[in-house]
Structure formats: C-alpha cells, structure tokens
Amino acid sequence: MRLELDQAVGATAANAITEIFGMPATENERGWLTELGEASDNSDPQLAARSRATLRGIFGK
C-alpha cells in the first residue's frame, strides 16, 4: 500500500497524505491491531519497553 501510494502520487504527495491520515496499514497489520485492541479491551495501551522487547523477540530481533 505504501509503495503503491508513493508510485501513484509521488514521494512528496505520499508523505503529505501519510502525515495527514497516518501510515496506511496492510491487511495483516490491521489484523495485529484488531487483536491488540481486543486483548487490551480497547484501552489504547502504551508500548512499554517490556512489550516492545516481547514483540521484537517474536521476530528474533
């Protein structure tokens, strides 16, 4: 989606659109966000150091 936006309107316009509307999310990313919302009872949790470390550990980072 990000690449398509960049190719469709150009880098400058794509950056402006992203600043206004936020970063577009892929279908898979929306799945992660939906699960995060459900797991947190939609409480908008802050990404703490421990959570970040756990998430990065899932991906071997």
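FYI, it's all coordinate maths here, none of it is from the lab. No experiment lies behind these values; they were computed from the predicted model shown. Don't worry about glycine lacking a Cβ; one is built from the backbone with ideal geometry, like all the others, and counts go over all protein chains shown.
Quick look at the values:
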{"item": "Any hit, the stretch 4-15, residues being surrounded by 11 or more Cβ atoms within 10 Å (Cβ to Cβ) and among the β-branched types (Val, Ile, Thr)", "result": "yes"}
{"item": "Members of the stretch 1-40 found to be small (Gly, Ala, Ser) and not in a helix (DSSP H, G or I), listed by number", "result": "GLY10, GLY22, ALA25, SER40"}
